[in-house]
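Novice: The structure's right below; bear with me while I get my questions together.
The values are calculated or read from the model by the stated rules, or taken from the named source; none is laboratory data. Since this is a predicted model, take the numbers as computed values, not measurements. Every residue, glycine among them, receives a Cβ derived from its backbone with ideal geometry; neighbour counts consider all protein chains shown.
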Amino acid sequence: MKRLGVVVLFALLGCIWIFPAEAASERARSVSGHATASRSAQSHQSVQRTGGHAQNSPRRKHRDPHARLTPGREVIDHSGRPQRGRASYYGREFNGRKMANGRRFNPNSNVAASRSLPLGTVARVENLQNGQQTTVRVEDRGPYVPGRILDVAPKAADDLGMREQGVAPVVVEPVAVPQPDGSTRPAGTASSDQGQR
């Protein structure tokens, strides 16, 4: 009799464990079925008519304006072509930190960070809002904020007159560009090897 009671107890406990697991797996199947149905409905909605012909167009993913770019995926440009974009300057929290070249950041130097110029590049930077210029040496990688092409040291930001607003439109004209073979060439005669580090 005791054995029968124990068997019945284990059977009930087993049923309690089995039924919630089956219910959970059935819920998961119904949710994934709903997701599949909504995806197929979206694909039917993305068919566009152009010139009498139907085309499937993938939905565009818009980049988050506050998204950060991925470090380590830079394409290095050895051509020496001028670049236009926005520049910002290093904040106080970077003082003394190691840069990409292994040296410590000095806020009183004319160093800069670029995602695309080779380390060691000497460049002339002009603030397009006020016409002020300075010369910087690229010693670090960054900025990893969309739309920005250069980070400059606070001293260079003072020279450019952009310390007040923090970000300014600039033209970066490389003067001397290190090449993959170890030589340094003036910007006008730099080779067009791109994508090498």
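Novice: Are any residues in the range 89-108 under 19 Å from V170 (Cα atoms) and surrounded by 15 or more Cβ atoms within 10 Å (Cβ to Cβ), and if so, which ones?
Specialist: Here is the first cut: in the range 89-108, the ones under 19 Å from V170 (Cα atoms) are 89-91.
Across the range 89-108, the qualifying residues are Y89, Y90.
Novice: If you scan the range 98-129, which residues turn out to be within 21 Å of the chain's Cα centre (by Cα) and over 18 Å from G147 (Cβ atoms)?
Specialist: Selection gives K98, M99, A100, N101, P118, L119.
Novice: Could you go through the range 123-131 and let me know if any residue there is over 20 Å from P180 (Cα atoms) and modelled with pLDDT under 95. Break it down stepwise before answering.
Specialist: Filtering the range 123-131 for residues over 20 Å from P180 (Cα atoms) gives 124-131.
Now narrow it down to the ones that are modelled with pLDDT under 95: none.
Looking through the range 123-131, none of the residues is over 20 Å from P180 (Cα atoms) and modelled with pLDDT under 95.
Novice: On to the next question. From the list D181, D159, which residue is over 24 Å from H78 (Cα atoms) and not in a strand (DSSP E or B)?
Specialist: Unique residue meeting the criteria: D159.
Novice: Looking only at the range 78-93, count how many residues are more than 19 Å from the chain's Cα centre (by Cα) and among the hydrophobic types (A, V, I, L, M, F, W, C).
Specialist: 0
Novice: Starting from the range 141-154, take each residue that is more than 19 Å from I76 (Cβ to Cβ) and list its partners that are of a type in the set (S, T, N, Q), counting only C-beta distances under 6 angstrom and pairs at least six apart or across chains.
Specialist: The qualifying pairs are A153/S109.
For (1) at pLDDT 90 or above; (2) in contact with a Pro (Cβ under 8 Å, 6 or more places away or on another chain); (3) within 26 Å of Y89 (Cα to Cα), each residue gets a yes or a no:
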| position | (1), (2), (3) |
| --- | --- |
| D151 | yes, yes, yes |
| D158 | yes, no, yes |
| G161 | yes, no, yes |
| G166 | yes, no, yes |
| V172 | yes, yes, yes |
| Q196 | no, yes, no |
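Novice: Pairs only if they're at least six apart or on different chains, beta carbon under 6 angstrom, first in the range 112-126 and basic (K, R), second in a loop (DSSP other than H, G, I, E, B); list them, first residue then second.
Specialist: From residues that are basic (K, R), the pairs are R115/E74.
Novice: Here's another thing I want to ask about it. Here are R73, R84, R103: which of them is of a type in the set (K, R) and modelled with pLDDT under 95?
Specialist: Step by step, each of R73, R84, R103 is checked, and only R73 is of a type in the set (K, R) and modelled with pLDDT under 95.
Novice: Quick one: E139 ticks every box in (1) in contact with a Lys or Arg (Cβ under 7 Å, 6 or more places away or on another chain); (2) surrounded by 13 or more Cβ atoms within 10 Å (Cβ to Cβ); (3) under 16 Å from Q83 (Cβ atoms) except a single one, so which number is it?
Specialist: Result: E139 fails condition (3) only.
Novice: Counting only residues that are assigned to a strand (DSSP E or B) and out of contact with any Gly (no Cβ under 7 Å at 6 or more places or on another chain), which one in the range 124-136 is surrounded by the most Cβ atoms within 10 Å (Cβ to Cβ)?
Specialist: Step by step, filter the range 124-136, then rank; the result is V136.
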